[in-house]
Amino acid sequence: KSLKNLVKASSFDLSSKISKKYPKLDLTANGFPQYLYSESSNNYSNDTKTSQFQFNPSLNLRWDIIDPKRGLEILTFKNKYEIASNNYNIKKQDLILEAKSRYHKFQKSIEDERNAQIAVELSKKSLKDAKAKLEVGIGTKFDVLEANSQLEKDKQHLKEKTIAKEINLISIKEILNIKLEEDLTIEEKQEIIGFWFHPLEKILKSGLDNNLSLKNINLQDSIKRNQAQNFKNANLPIIYISNSLSSSFSKGSALSEQIDLDRSSSTYSNKVSINFAWNIFNGGQNSNSFRAKRVEAEAEKLKYLNLQNIVKSNISETYLNLLKNKYKLISTKQEIIASKEALRLARLRYDVGISTLKDVLIRQKELTLSNSKNINAIYNYNINLDKLERLTYLLK
């Protein structure tokens, strides 16, 4: 909202500069009205008095036909308006990206909590089996202690994931401007949100062509060059038309022996002219200011090249991270299948006495880790997918 108001303010500034193309009309009135009283004494003539009410309005019209600075000023403020509009859109897009990121993080925390809950259930089963074997005399107390220790670790892990989920819920409510006490229903199932088929060359071109920050630097460069040219144009003449309509109304006597309050008089005049004003020399101030703005414009070019490299780097890095997590999605799915089978076989071997509880707990932890890797892979894949949309302005 703050940036949107700045866009509106820039729009008004632009309109203000555009209004310089139109005539200006001023009305002045010296005394509204004014009363004049005076007495004059003279040795060689009769004394005189003045007693008058006066009203002297004037109407002045000025129209700058040629103003070398006006067009560049309008263009400068048009560029400033575009920059304000771009800044609003940049902030809006970044805000949406951050909201999406927190949304994915909250979904991930739900899956992490679910994975931790599964680990707790598996540890409970392992503890139950260890106690059962101890009761019939084919198990050891150490197995029970080890299974109980693993259960406590998994319970602690579950608590941490539950707290993390609550923190992430607070975070997403904050960015959506929702009160903490209000309920918020979010899709809990974590899924891949889309696919990316655009090649690297295409996304680099699209990202550079549509990047608003790069456009802003170009606009700043244009502003500096316009300002430089304005200093140069300040030494050119301004040609304008003026029209001055003045009038005077009075009631009463002026410089007469006897005052007659009923006496009145009026005059008016109208003057039309073409004029010019020329600032021929000001000690080199304008020429030095011109050079300064040209140097600033060159700095904007270097800033553009620097940001261009950063944009390319961010797009390439995000694209490669997406590919990396795409392959992780496949590998972690296979890893989960393998871990589940390994745990199943370990339990069977433990049940028939050809394996230890330690082996079961190891396989159990491997399954939990595999699930966690898959959750992270989906999270990172979705994050990079949204980031690529933001950086390239292309759709998944």
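The values are calculated or read from the model by the stated rules, or taken from the named source; none is laboratory data. These figures come from a predicted structure and were not determined experimentally. All Cβ positions, glycine included, derive from the backbone under ideal geometry; neighbour counts span all protein chains shown. When the accessible area is computed, the model is the full protein with side chains, heavy atoms only, and any ligands, DNA or RNA have been set aside. Shrake-Rupley method; radii C 1.70, N 1.55, O 1.52, S 1.80 Å.
If each DSSP helix of 4+ residues adds -39,500 (n - 2.57) and the sum is divided by the residues in the chain, what number results at 222 nm, nearest 500 deg cm²/dmol?
Values: 7 runs with 254 residues, N = 396.
Counting only the DSSP helices, I get -23500 deg cm²/dmol.
Note down the magnitude of the dipole of the chain about its Cα centre, charges +1 on Lys and Arg C-beta and -1 on Asp and Glu C-beta and zero elsewhere, to the nearest 20 debye.
Here the chain has a charge dipole of around 1380 debye.
For the chain, build the charge dipole from Cβ charges (+1 Lys, Arg; -1 Asp, Glu) around the Cα centre, then report which of THR50, ILE163, ILE192 sits farthest towards its positive end.
ILE192
Along each of its three principal axes, how wide is the spread of alpha-carbon positions in the chain, in whole angstrom units, largest first?
Projected onto the principal axes, the Cα atoms of the chain cover 150, 47, 33 Å.
When the accessible area of the range 291-396 is split by element with a 1.4 Å probe, what percent falls to carbon and sulfur? Can you show the working numbers first?
Working: 3420 of 5830 Å².
Looking at the range 291-396 in its full context, I get 59 percent from C and S.
Given the options SER85, GLN150, ASN177, identify the residue whose Cα lies farthest towards the positive end of the charge dipole of the range 85-201 (+1 on Cβ of Lys, Arg; -1 on Cβ of Asp, Glu).
The listed residue farthest towards the positive side: GLN150.
Label ASN321 and GLU166 with points 7 Å out from Cα along Cα→Cβ: what is the distance between them in nm?
3.0 nm
State the percentage of accessible surface on the range 17-140 attributable to carbon and sulfur atoms; use a 1.4 Å probe and exclude ligands, DNA and RNA.
Details: 4270 of 7670 Å².
Percent of accessible area from carbon and sulfur atoms in the range 17-140: 56.
Scattering from the C-alpha atoms of the range 80-182 alone, worked out with Debye: what is log10 I(q)/I(0) at q = 0.19, 0.20, 0.23 1/Å?
Log10 I(q)/I(0), no solvent term: -0.91, -0.95, -1.07.
Give me the 1.4 Å probe accessible area per residue for the chain, excluding ligands and nucleic acids, in Å². Don't jump to the answer; show the numbers that get you there.
Working: 24730 Å² over 396 residues.
I get 62 Å² per residue for the chain.
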